[in-house]
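Participant: Submitted below is the structure of interest, expressed as structure tokens.
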Amino acid sequence: MTERAECLQTGQKAQFTKKLTEEDVINFAEASGDMNPVHLDDDAGKKSIFGQRVVHGILVSGLISAVIANKLPGKGSIYLAQDLKFTKPTFIGDTVTATVEIIAIDTEKKRVSLKTTCTNQHGDVVIKGEALVLSPAVKH
């Protein structure tokens, strides 16, 4: 875990990996209120453009938050912005790795710009984007 400003540098990366389960999808649907049948109903999933149920894209993107909060920049980081592009579906049972890479550090404002990517177990990018976070690890 990054705790000192001296440790933060452009190009630095961190990851978090999780297998997304049926239980994760159901719990997220209940917590978020997103009951779209493409996530919860086998028949609806089969009839969709995906041919099967898919995991909520926002649930998948939440793995990025885990990296930011727990690894890079780490403890005390505050999300300011996130740009996401959903490039491929994530299916129940997929293992997704969220990767965060520092692309810029603004020491004046204590902000860190991050390239954010989620890939599945096949190496396919399912989400890509950029984030901006306020980090106490950035010192003048």
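The values are calculated or read from the model by the stated rules, or taken from the named source; none is laboratory data. In this text, all values refer to a predicted model and were calculated from it rather than measured experimentally. Cβ placement follows ideal geometry from the backbone for every residue including glycine, while neighbour counts extend to all protein chains displayed.
Participant: For the stretch 71-81, check the following and say yes or no: at least one residue is among the polar types (S, T, N, Q), at pLDDT 95 or above, surrounded by 14 or more Cβ atoms within 10 Å (Cβ to Cβ) and farther than 13 Å from SER135 by Cα.
Facilitator: no
Participant: A further question on this structure: What are the residue pairs meeting all of these: first residue in the stretch 83-96, first residue among the charged types (D, E, K, R), second residue outside any strand (DSSP E or B), Cβ atoms under 6 Å, and 6 or more apart or on different chains?
Facilitator: The qualifying pairs are LYS88/ASP124; ASP94/LEU20; ASP94/ASN120.
Participant: Name every residue in the stretch 1-43 that is among the small types (Gly, Ala, Ser), closer than 20 Å to PHE91 by Cβ and either surrounded by 14 or more Cβ atoms within 10 Å (Cβ to Cβ) or modelled with pLDDT under 95 (or both), in order of residue number.
Facilitator: The one that is among the small types (Gly, Ala, Ser), closer than 20 Å to PHE91 by Cβ and either surrounded by 14 or more Cβ atoms within 10 Å (Cβ to Cβ) or modelled with pLDDT under 95 (or both): ALA29.
Participant: Under 9 Å between Cβ atoms, at least 6 apart or on separate chains: pull out the pairs that start in the stretch 113-140 with a residue that is without any contact (Cβ under 8 Å) to a residue 40 or more places away in the chain and closer than 14 Å to ILE103 by Cα and end on any residue that is surrounded by fewer than 17 Cβ atoms within 10 Å (Cβ to Cβ) and of a type in the set (Lys, Arg).
Facilitator: LYS115/LYS13; LYS115/LYS128; THR117/LYS128
Participant: Then there is this: Quick one: how many residues across the stretch 76-126 are of a type in the set (A, V, I, L, M, F, W, C) and under 14 Å from THR17 (Cβ atoms)? Working first, answer last.
Facilitator: To start, the set of residues in the stretch 76-126 that are of a type in the set (A, V, I, L, M, F, W, C) comprises 78, 80-81, 84, 86, 91-92, 96, 98, 100, 102-105, 112, 114, 118, 125-126.
Imposing the further condition that a residue be under 14 Å from THR17 (Cβ atoms) reduces the set to 96, 98, 100, 118, 126.
Of the residues in the stretch 76-126, 5 are of a type in the set (A, V, I, L, M, F, W, C) and under 14 Å from THR17 (Cβ atoms).
Participant: For residues in the stretch 119-140 being loosely packed, with under 15 Cβ neighbours inside 10 Å and not aliphatic (A, V, I, L, M), which is farthest from GLY62 (Cα to Cα)? Outline the logic, then answer.
Facilitator: Restricting attention to the stretch 119-140, the residues satisfying the condition of being loosely packed, with under 15 Cβ neighbours inside 10 Å are 121-125, 136, 139-140.
When the remaining residues are screened for being not aliphatic (A, V, I, L, M), the result is 121-124, 136, 139-140.
On the way: GLN121: 17, HIS122: 20, GLY123: 18, ASP124: 18, PRO136: 21, LYS139: 27, HIS140: 30 Å.
Per the criteria, the residue is HIS140.
Participant: Sticking with this one: Out of all the residues in the stretch 89-118, which are polar (S, T, N, Q), within 18 Å of CYS7 (Cβ to Cβ) and surrounded by 15 or more Cβ atoms within 10 Å (Cβ to Cβ)?
Facilitator: If the condition is that a residue be polar (S, T, N, Q), within 18 Å of CYS7 (Cβ to Cβ) and surrounded by 15 or more Cβ atoms within 10 Å (Cβ to Cβ), then THR99, SER113 are the ones that fit.
Participant: Something else: Please identify the pairs in which a residue from the stretch 46-57 that is at pLDDT 95 or above has its Cβ atom under 7 Å from the Cβ atom of a residue that is exposed (fewer than 13 other Cβ atoms within 10 Å of the Cβ) and outside any loop (DSSP other than H, G, I, E, B), counting only partners at least 6 apart or on another chain.
Facilitator: GLN52/LYS46; ARG53/ASP42
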